[in-house]
1. With the requirement that a residue be more than 20 Å from residue 191 (Cβ to Cβ) and part of a loop (DSSP other than H, G, I, E, B), what does segment 14-46 give you?
2. Out of (1) within 30 Å of residue 330 (Cα to Cα); (2) surrounded by fewer than 19 Cβ atoms within 10 Å (Cβ to Cβ); (3) modelled with pLDDT under 70, what's the single condition that is false for residue 460?
3. Name, by its number, the condition in (1) without any contact (Cβ under 8 Å) to a residue 24 or more places away in the chain; (2) over 19 Å from the mean Cα position of the chain (by Cα) that does not hold for residue 302.
4. Here are some conditions: (1) surrounded by 18 or more Cβ atoms within 10 Å (Cβ to Cβ); (2) touching a strand residue (DSSP E or B) at 6+ places or on another chain (Cβ under 7 Å). Residue 252 meets all but one. Which one does it not meet?
5. Between 466, 515, which is at pLDDT 80 or above and either surrounded by fewer than 17 Cβ atoms within 10 Å (Cβ to Cβ) or assigned to a loop (DSSP other than H, G, I, E, B) (or both)?
6. Which one of the conditions (1) part of a helix (DSSP H, G or I); (2) at positive phi does residue 351 fail to meet, given that it meets all the rest?
7. Could you please find all residues in segment 133-171 being outside any helix (DSSP H, G or I) and either over 20 Å from the mean Cα position of the chain (by Cα) or over 18 Å from residue 97 (Cβ atoms) (or both)?
8. If you take the residues in segment 76-89 that are within 18 Å of residue 149 (Cα to Cα) and outside any strand (DSSP E or B), which one is modelled with the lowest pLDDT?
């Protein structure tokens, strides 16, 4: 190669390097402003999410082509979003991240096209997709082109649903239509004080309704983690938030064509759980913390609870048994005695559907007194919301094991993955009570005339309650009729579940041919 040609190529490479360095650095003033808000820059976030040095950026030199409203003089590289792929714990993950320093992270046509391409690649390769959201919504200067860009994202979110895990991390504002993309994904992470999600902002709310509310009061992390259920996780800072995203990704399969990764386990599969003998009170009216039961059973007591602060009468958590991932659904007697209500039914249904989509076996721990009674529940649609959980379990083809610890009453017993709706195995502790309702209430219905006619109604009622319990609610009644497969020693719970899951690992349960079902909404 002639010397002059070599020099020209080297000069051009040097220019390229300087350009890339400038793009990566960004505007120093905008960076300072971002840090001044207590927020990391987009590239600092990507460094925390991905394994060191593994991120490959796509289209870093992309710029918009819009004209008018001053845009022709403002054509920054990346167009306000960074897209690419890398590894998390050694496995491929795709991500797009808004750069608030450029147009406030607002979405325009070129910005959207970058995201569309990335989402298509993630779906084609069967790898998880993470979005780091810190944007001001649609770019007003680009009008309907920006709105169409959101439509393309929503359509791809829906196509990818149940095919690859989708995780949204809220690290700044997310308003209007932009909030629907995170709502379509599997998990939403939020950071307190710096991230908000709402359809209409505080100013619009005040103008229309007269209600005065702050951004965090309307759509902050705690609101969505405790009240609305929009957010599955909330953290105090970006670093801990992104570390938990990495942990969640380490648990999940890359897509629906794979099973979850198996890890070596030092916790013996045949370990006795003698503490369970004392954790659960025999008296069905006494509360206890179901988390303690879960921690005693699973590997090393570790689990990742989903929606920890919303719909707290049911627990949904990811854990491992002998190194294999399972999804655990459990009633929580510490909250409303563990009843199923509108929100807990919806929470559990969504979790069951996710686990089924991604080949995660289900273990259901039952201690449920029934559905929550009340006018508000009935008018709010407890029938259709409870049916969501019923539908999710009936539709699930992954291995499903039910374990009844104590109470299992009425329709709630059926809905909590009973044999009658298709669980593969049902076990019970010798403390179980499976019945249409509690003995006291049942006696009042069945023997109401005898009680009313008695000279001493209290004594007669007590005797009849004992008779009803002895005949229809003793721990072996369901086992005698094949409604549970075995009554087990609580101390053997861990090894029983592990052995059962090992047997069910080869389960194949095809669904009827259909385009899709029509679940209750």
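1. The answer is 26, 27.
2. Unmet for residue 460, out of (1) within 30 Å of residue 330 (Cα to Cα); (2) surrounded by fewer than 19 Cβ atoms within 10 Å (Cβ to Cβ); (3) modelled with pLDDT under 70: (1).
3. Of (1) without any contact (Cβ under 8 Å) to a residue 24 or more places away in the chain; (2) over 19 Å from the mean Cα position of the chain (by Cα), only one is false for residue 302: (2).
4. The number of the failed condition is (2).
5. 515
6. Unmet condition: (2).
7. 134, 135, 136, 137, 138, 139, 143, 161, 162, 163
8. Filtering first and then ranking leaves 78.
The values are calculated or read from the model by the stated rules, or taken from the named source; none is laboratory data. This structure is a prediction, so every number in the text was calculated from the model and none was measured. Positions of Cβ are backbone-derived with ideal geometry, glycine not excepted, and every protein chain shown enters the neighbour counts.
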